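First the structure, in the form of structure tokens, and then the observations on it.
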Amino acid sequence: MNIIEAVVLAIIEGITEFLPVSSTGHMIIASSFFGIAQEDFTKLFTIAIQLGTILSVLVLYFKRFFQSVDFYLKLGVAFIPAAVFGVLLNDFIDGLLESPVTVAVSLVIGGVILLKVDEWFKGSADTQITYVTALKIGLFQCLAMIPGVSRSGASIVGGMSQKLSRTTAAEFSFFLAIPTMLGATAKKAWDYYEAGLVLSSEQINLLIIGNVVGFVVAVIAIRSFIGFLSKNGFKVFGYYRIVVGVALLIIHFFIRPLTLI
């Protein structure tokens with residue numbers, strides 16, 4: 001991986017992590033086109049730069065993290081499903097990460113759902129999150145273990161299915177990203193270490209650059225997304241996912257096979 005590839009991947013991460021378009025799917029697609037998807041460092045990089053996007057949530061919603069212990073308990077409850085299923089299904093998930101067709105199909109299916117979600121949950125306006133609601137959102141988030149599904153999209157839809165407003169569901173999705181991405185980063189870093197791999201000074205610099213770029217872009221993306229979502233809903237993201245998914249399937253089956261391994 002060179003610095004240009006690192007910056008491009010970080011920009012993609014910053015833009016897509018909190019949008020319902022699947023950051024993992026876009027990172028897999030981009031690294032595949034760069035021809036670096038099979039590198040161990042790339043797999044670590046695409047997870048580790050999520051720390052920068054986590055920091056963007058902490059900065060933008062700083063005051064919310066000092067409200068009450070109840071806030072953290074609900075995040076903990078919502079995080080439990082991802083922690084459990086992430087450990088149990090680790091090998092299965094790694095296999096899915098190598099499938100461009102899985103990403104493409106997930107993008108299309110998720111796109112169709114986003115076209116309908118505003119209609120399905122029209123009138124949802126709750127702003128209070130209970131422990132049961134938090135757990136159900138956490139279960140929805142587990143769907144994002146399938147590449148292309150979108151962690152934020154799944155958890156936002158999960159929140160709206162519990163009658164939460166779009167804004168409340170989106171913000172809770174941002175907060176839930178913190179323990180989820182910290183856990184994923186720690187797990188990937190440990191796997192990297194256990195494999196006997198050591199980061200070079202150049203790779204450390206790329207991680208620093210990636211996190212800085214991801215942070216700046218994520219701040220802009222979050223600010224823009226909340227305003228856009230409250231006014232326009234999910235349809236634009238649904239159409240975008242369908243177009244990208246169909247394009248990937250056409251490329252894979254009719255132009256050249258995409259390989260991620």
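The values are calculated or read from the model by the stated rules, or taken from the named source; none is laboratory data. What you see is a predicted model, and the numbers here were worked out from it, not measured in a lab. Quick reminder, even Gly has a Cβ in these numbers, built from the backbone with ideal geometry, and neighbours come from all protein chains shown. Remember, those area values only see protein heavy atoms, side chains included, never the ligands or the DNA or RNA. Shrake-Rupley method; radii C 1.70, N 1.55, O 1.52, S 1.80 Å.
Taking each full run of DSSP H in the chain as one helix, which ones are at least 18 Å long along their axis (Cα atoms) and have mean Kyte-Doolittle hydropathy of at least -0.5?
Membrane-span-like by this criterion, though nothing is claimed about a membrane: 3-16, 69-88, 100-120, 166-194, 201-232, 235-250.
Give me the tail of P(r) for segment 69-179 as a percent: Cα-Cα pairs with distance above 19 Å.
Here the tail beyond 19 Å accounts for 44 percent of pairs.
Starting from the 7 Å offset along Cα-to-Cβ, what nm value, one decimal, do you get for the label separation of VAL8 and PHE65?
3.2 nm
To the nearest 20 debye, what charge dipole does segment 97-215 have about its Cα centre, counting +1 at the Cβ of each Lys and Arg and -1 at the Cβ of each Asp and Glu?
Values: 8 positive and 8 negative charges, 75 e Å.
Rounded to the nearest 20 debye, it is 360 debye.
Compute the FRET efficiency between LYS231 and VAL112 as 1/(1 + (r/R0)^6), taking r as their Cβ-Cβ distance and R0 = 30 Å, and round to the nearest 0.05.
Taking R0 as 30 Å, the efficiency between LYS231 and VAL112 is 0.85.
I'd like the carbon and sulfur percentage of the solvent accessible area for the chain, probe radius 1.4 Å, heavy atoms only, ligands and nucleic acids excluded.
In the chain, the share of accessible area belonging to carbon and sulfur is 70 percent.
In Å², what does the accessible area per residue of segment 9-86 work out to with a 1.4 Å probe?
Dividing the accessible area of segment 9-86 by its residue count gives 40 Å².
Per residue, what accessible area does segment 177-261 have, given a 1.4 Å probe and all protein chains present, in Å²?
Solvent-accessible surface per residue comes out at 58 Å².
Mind ranking 42-48, 150-156, 32-38 by how tightly packed they are, going by the mean number of other C-beta atoms within 10 angstrom, highest first?
So the order, starting with the most tightly packed, is 150-156, 42-48, 32-38.
For segment 196-261, what value does the Rg/Rh ratio take when both radii are computed over Cα atoms and Rh is the Kirkwood radius, given to two decimals?
1.16
Per DSSP helix of 4 or more residues, -39500 (n - 2.57); summed, then divided by the residues of the chain. What does that give at 222 nm, rounded to the nearest 500?
Taken over the chain, the calculation gives -24500 deg cm²/dmol.
Restricted to Cα positions, what overall size does the chain have along the principal axes? Three whole-Å values, descending.
47, 43, 35
Using 1/(1 + (r/R0)^6) with R0 = 41 angstrom and r between the beta carbons of THR130 and VAL216, what's the FRET efficiency to the nearest 0.05?
0.70
Would you mind calculating the gained length between SER200 and ALA247 on full extension (0.36 nm times residue separation, minus the Cα-Cα distance), in nm to one decimal?
13.3 nm
Given the C-alpha atoms of segment 6-80, compute the convex hull and give its volume per residue in Å³.
It comes to 107 Å³ per residue, whole-number rounded.
So how many Å³ per residue does the convex hull of the Cα atoms of segment 149-261 work out to?
Cα convex hull per residue, to the nearest whole number: 154 Å³.
Students often check this: by mean Cβ neighbours within 10 Å, which of 17-30, 51-64, 222-235 ranks highest, and how do the rest follow?
The peptides rank, most packed first, as 17-30, 51-64, 222-235.
Would you list, by chain and number, the lysines whose Cα falls below 26 Å from the Cα of LYS43, excluding same-chain residues fewer than 8 positions away?
LYS187, LYS188
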